[in-house]
1. Taking the condition of being among the hydrophobic types (A, V, I, L, M, F, W, C) and more than 25 Å from Gly63 (Cβ to Cβ), how many residues in segment 173-190 meet it?
2. Scanning segment 256-296 for residues that are β-branched (Val, Ile, Thr) and in contact with a Pro (Cβ under 9 Å, 6 or more places away or on another chain), which turns out farthest from Pro28 (Cα to Cα)?
3. For segment 10-25, how many residues meet the condition of being surrounded by fewer than 18 Cβ atoms within 10 Å (Cβ to Cβ) and over 22 Å from Asn74 (Cα atoms)?
4. Could you list, in sequence order, all residues of segment 182-217 that are surrounded by fewer than 13 Cβ atoms within 10 Å (Cβ to Cβ) and of a type in the set (D, E, K, R)?
5. List the helices (runs of 4 or more DSSP H) that sit entirely inside segment 179-296 and contain at least 3 residues that are touching a residue at least 60 places away in the same chain (Cβ under 8 Å), of a type in the set (A, V, I, L, M, F, W, C) and closer than 22 Å to Leu36 by Cβ.
6. Would you call Pro176 without any contact (Cβ under 8 Å) to a residue 40 or more places away in the chain, touching a Lys or Arg at 6+ places or on another chain (Cβ under 8 Å) and of a type outside the set (A, V, I, L, M)?
7. With farther than 19 Å from Tyr105 by Cβ, more than 21 Å from the chain's Cα centre (by Cα) and crowded, with 17+ Cβ neighbours inside 10 Å as the only criterion, which of Asn153, Asn148 stands out?
8. Does Ser240 satisfy being touching a Lys or Arg at 6+ places or on another chain (Cβ under 7 Å) and either small (Gly, Ala, Ser) or on the phi > 0 side of the Ramachandran plot (or both)?
Amino acid sequence: MPTTTSYRTVEVDGLSIFYREAGAKDAPALLLLHGLPSSSRMFEPLFSRLSGHYHLIAPDYPGFGHSDWPDANNFAYTFDRYAGIMNRFAEALGLPRYTLYMQDYGGPVGFRMALAHPERIEALIVQDAVAHNEGLGANWKTRRAFWNDRVTNESALRKDLLSLEAARTRHVGNDPDIERHDPDLWTDEFYFLNRPGQAEIQSDLFYDYRTNVDSYPKWQNWLRQRQPRLLVIWGRYEASFDPSEPESYRKDVPKAEVHIVDGGHFALDTAADEIAALVTDFINSALSESKARRAG
């Protein structure tokens with residue numbers, strides 16, 4: 001049976017970081033990193049399905065959800081900084097080892113965390129997050145132009161990334177069955193994106209996304225050398241990234257488990273049962289393999 005979810009904050013680097021937590025603290029830990037423009041709220045479907053088996057922790061990044069939103073003029077919104085804060089968040093909660101679940105922006109945050117502290121990583125779960133340049137696809141033309149010339153392309157980027165239509169597309173993608181998608185999910189996100197200061201925060205952070213592309217070869221090399229236990233979950237109706245990306249991970253980690261599920265970019269919207277079952281099988285297998293290695 002699922003356990004009660006607690007809604008907590010902890011101070012990290014002088015910031016109040018909000019997080020959701022459920023499950024026994026001596027159970028295997030699953031640290032869940034959210035994407036744009038969501039928050040730890042996106043993982044509620046997993047909390048309701050998995051907290052009876054695992055220790056689930058899902059934080060909000062600074063500038064997202066219920067964590068502090070420091071002014072963009074006084075705080076560097078970068079993925080390097082997020083990764084550092086999330087590593088110290090894990091330390092503050094006393095998490096020595098965990099399976100890292102990374103969705104969208106969770107990928108660049110999580111890979112930085114893994115490279116900085118590989119000894120903490122029990123296994124990796126990638127859900128609709130990119131680590132290969134080809135995975136960004138053709139629809140990133142406007143976004144690449146923004147990286148090359150921010151001033152000229154700022155307005156187009158904000159429309160492309162922060163509009164109501166963009167928020168809807170992230171959830172629905174090219175799913176022909178629109179009626180199964182709850183519109184509250186993207187209208188709530190659009191409301192969040194229109195809060196004071198959000199346009200500046202998200203523009204700054206997305207301008208830094210170019211550093212992720214520069215880091216892709218380093219992450220790929222780490223995957224090839226370390227060969228971590230890796231589960232890749234990909235929404236069939238994903239419209240933000242290129243469909244080649246799941247197999248790119250398998251090229252780096254040939255033993256990776258790759259599954260295409262019945263969902264879009266936020267696949268938990270419509271495929272929560274399927275994803276929960278995949279995660280359960282994967283974590284249990286990874287833990288058994290890890291115990292066997294340590295015993296041997």
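The values are calculated or read from the model by the stated rules, or taken from the named source; none is laboratory data. Owing to the predicted nature of the structure, the values given are computational and were not obtained by experimental measurement. Using ideal geometry, Cβ is built from the backbone for each residue, glycine included, and neighbour counts are taken over all protein chains shown.
1. Our first condition is that a residue be among the hydrophobic types (A, V, I, L, M, F, W, C); within segment 173-190, this holds for 178, 185-186, 190.
After this cut, where a residue has to be more than 25 Å from Gly63 (Cβ to Cβ) as well, the list is 178.
Here the count works out to 1.
2. First pass over segment 256-296, keeping only residues β-branched (Val, Ile, Thr): 258, 260-261, 270, 275, 279-280, 283.
Among the residues that remain, those that are also in contact with a Pro (Cβ under 9 Å, 6 or more places away or on another chain) are: 258, 260, 275, 283.
Details: Val258: 22, Ile260: 25, Ile275: 18, Ile283: 8 Å.
Looking at the filtered set, the residue picked out is Ile260.
3. 2
4. Asp182, Asp184, Arg195, Asp214
5. Details: elements: 184-193, 198-208, 210-226, 245-252, 268-295.
In segment 179-296, the matching helices (runs of 4 or more DSSP H) lie at 184-193, 198-208, 268-295.
6. Against the criterion (without any contact (Cβ under 8 Å) to a residue 40 or more places away in the chain, touching a Lys or Arg at 6+ places or on another chain (Cβ under 8 Å) and of a type outside the set (A, V, I, L, M)), Pro176 does not qualify.
7. On the way: Asn148 fails: crowded, with 17+ Cβ neighbours inside 10 Å.
Among Asn153, Asn148, only Asn153 is farther than 19 Å from Tyr105 by Cβ, more than 21 Å from the chain's Cα centre (by Cα) and crowded, with 17+ Cβ neighbours inside 10 Å.
8. Numbers: touching a Lys or Arg at 6+ places or on another chain (Cβ under 7 Å): yes; either small (Gly, Ala, Ser) or on the phi > 0 side of the Ramachandran plot (or both): yes.
Yes; evaluated as a whole, the condition is true for this residue.
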